[in-house]
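Below: the structure, in structure tokens.
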Amino acid sequence: MSRSESLFQAAQAHIPGGVNSPVRAFKGVGGTPIFFKRGEAAYLFDEDDNKYIDYVGSWGPMILGHSHPAVMDAVRNVMDSGLGFGAPTAIEIDMADKVCEMMPGMDLVRMVNSGTEATMSAIRLARGYTRRDKIVKFEGCYHGHSDSLLVKAGSGMLTLGEPSSPGVPASLAEHTITLTYNDLDNVREAFAEAGNEIACIIVEPVAGNMNCIPPVPGFLEGLRDICDQYGTVLILDEVMTGFRVSLTGAQGYYGVIPDLTTMGKVIGGGLPVGAFGGKREIMEHISPLGPVYQAGTLSGNPLAMAAGLAMLTALQEEGFHEKLSAKTELLTQGFEAMALRHGVPFTTTQVGGMFGLFFTDQEQVTCFAEVMKCDADKFGRFFHGMLDEGIYLAPSAFEAGFMSQAHTEADINATIEAAGRVFARLAAE
Ligand code: PMP
């Protein structure tokens, strides 16, 4: 038995399902999760001393690669002064200034401890600011696990939303309207009926939780127009895209400025951080300035601020995102060429440093229903084939992949060669 296998057994004794977040359990791809003990640059090392080229990057934060010296040093430098005080520190100002300087739609920003907290707080703020209860989200987008967001569409567009998890009150879920990603007509229809009751639209500007689905041209711009027309708050959930698709987030990349932005992952440099912020006029409604309550004992933790700040500073190096994007494209193009060579129906998407892999013969995949038509079983076999080759991809057909600065051209070429061998086996099935 491998050490990962025995650790997974041991983990089940006192951890539900052996994991502290469900996607880690390998449910979608089968098999035993790998237990890692060390990360360095583009590589992860497991408890059995196997080495992997990593395209998960802790689900996004590790855009510089693992254990980047600038980030590690920044944490070490503040650590000796104490781990947190629950009181203001100077480094929080540096962080807020930096984020507001980088993100176009950001006048004020509040730090929290996860993406879930960021989106939950932004939605409360949007509701408090507009004095409306309904919210709009899109099928296949994930915004964390707060009650209002664990909701699926009812049978008709405007029929009451239904909880997608036990424990979410139906009386809360009924305020959430779930629409089709990349379908503006669907949004226009919903707003024609209920627009004046809708507090906010929350959307992933590039969807990264149903594989990786970029917005079709005009989609985000259309959402901006509709929100302006109805006095609805536009929230871009940039937990995944922020600082990854470009230095200025997806909002800078696509030129669509939201009212509120939520962030996570990269902003914490690998430590638990989230943030939400946006227009001054709206943010001034948050406590202690305004009446909408939001708080956090550990928020703005100095270690987390130091890690995030060091990471954001490193990203400001000239040409960082151009290089990251070019590497990601090299990988996705290489995968496509290999799939074509071996006759495996397959396509990819890529925006900046994030990418998607689709086992499908559909020409394009633009929404959740189309993602669901892809061959998730084949992805599972691809995943395990790649894992055997020492390549760690996201253990689910419904997650995006992440490139880092630390991946070398040699790493990427080795990954493409490995994919060629795995595609050949899939073709022979
Ligand atoms: N929003 C988006 C777009 C995300 O991708 C995620 C996490 N994958 C979240 C929110 C929730 O973040 P967290 O897991 O830190 O709570």
Can you give me the number of residues within region 202-228 that are among the acidic types (Asp, Glu) and within 12 Å of the ligand (Cβ to nearest atom)? 1
Complete set of residues in region 78-108 that are modelled with pLDDT of 95 or more and either within 16 Å of the ligand (Cβ to nearest atom) or in contact with a Lys or Arg (Cβ under 8 Å, 6 or more places away or on another chain) (or both): 103, 107, 108
I'd like the full set of residues that are without any contact (Cβ under 8 Å) to a residue 40 or more places away in the chain and among the hydrophobic types (A, V, I, L, M, F, W, C), limited to region 388-429. 410, 418, 428
Every residue from region 11-42 that is surrounded by 13 or more Cβ atoms within 10 Å (Cβ to Cβ), closer than 26 Å to residue 67 by Cβ, away from the ligand (no atom under 16 Å from the Cβ) and without any contact (Cβ under 8 Å) to a residue 60 or more places away in the chain: 11, 18, 32, 35, 36, 38, 39, 40
Candidate set from region 340-354 (those that are buried (at least 23 other Cβ atoms within 10 Å of the Cβ) and of a type in the set (Gly, Ala, Ser)); member that is farthest from residue 253 (Cα to Cα): 353
Just to be sure I understand the filter: pairs with C-beta atoms under 7 Å, separated by 6 or more residues or on different chains, first member in region 52-74 and at positive phi, second member acidic (Asp, Glu). Which pairs pass? 67/40
Return yes when residue 327 is in contact with a helix residue (DSSP H, G or I) (Cβ under 8 Å, 6 or more places away or on another chain), of a type in the set (D, E, K, R) and in contact (Cβ under 8 Å) with a residue 24 or more places away in the chain and no when it is not. yes
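Going by the conditions given, is residue 298 within 23 Å of the chain's Cα centre (by Cα), away from the ligand (no atom under 16 Å from the Cβ), farther than 17 Å from residue 412 by Cβ and in contact (Cβ under 8 Å) with a residue 12 or more places away in the chain?
no
Conditions tested, residue by residue: (1) of a type in the set (Val, Ile, Thr); (2) in contact with an Asp or Glu (Cβ under 9 Å, 6 or more places away or on another chain).
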residue: 190; (1), (2): no, no
residue: 202; (1), (2): yes, yes
residue: 220; (1), (2): no, no
residue: 228; (1), (2): no, no
residue: 279; (1), (2): no, yes
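Please note which strands (runs of 3 or more DSSP E) are completely contained in region 31-135 and include at least 1 residues that are within 21 Å of residue 247 (Cα to Cα) and within 21 Å of the chain's Cα centre (by Cα). First the steps, then the outcome.
Values: elements: 36-40, 43-46, 51-54, 108-112.
Here the list reads 108-112.
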Quick check on residue 155: is it at negative phi, assigned to a loop (DSSP other than H, G, I, E, B) and surrounded by fewer than 20 Cβ atoms within 10 Å (Cβ to Cβ)? yes
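State yes or no: is residue 371 of a type in the set (A, V, I, L, M) and in contact with a Leu (Cβ under 7 Å, 6 or more places away or on another chain)? Can you show your working first?
Details: of a type in the set (A, V, I, L, M): yes; in contact with a Leu (Cβ under 7 Å, 6 or more places away or on another chain): no.
No, not satisfied.
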Members of region 295-328 that are in a loop (DSSP other than H, G, I, E, B) and either crowded, with 19+ Cβ neighbours inside 10 Å or among the aromatic types (Phe, Trp, Tyr) (or both): 299, 300, 301
Out of 127, 132, I need the residue that is modelled with pLDDT of 95 or more, charged (D, E, K, R) and out of contact with any helix residue (DSSP H, G or I) (no Cβ under 6 Å at 6 or more places or on another chain). Which one? 127
In region 389-429, residue surrounded by the fewest Cβ atoms within 10 Å (Cβ to Cβ) [restricted to those that are part of a helix (DSSP H, G or I) and not hydrophobic (A, V, I, L, M, F, W, C)]: 409
Would you pick out the residues in region 232-266 that are under 21 Å from residue 323 (Cα atoms) and aliphatic (A, V, I, L, M)? 240, 245, 247, 250, 266
Take residue 231 and decide whether it is within 16 Å of the ligand (Cβ to nearest atom) and either crowded, with 19+ Cβ neighbours inside 10 Å or not aliphatic (A, V, I, L, M) (or both). no
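The values are calculated or read from the model by the stated rules, or taken from the named source; none is laboratory data. Predicted model only: the values in this text are computed from it and were never measured. Glycine also receives a Cβ, built like all others from the backbone with ideal geometry; neighbour counts cover every protein chain displayed.
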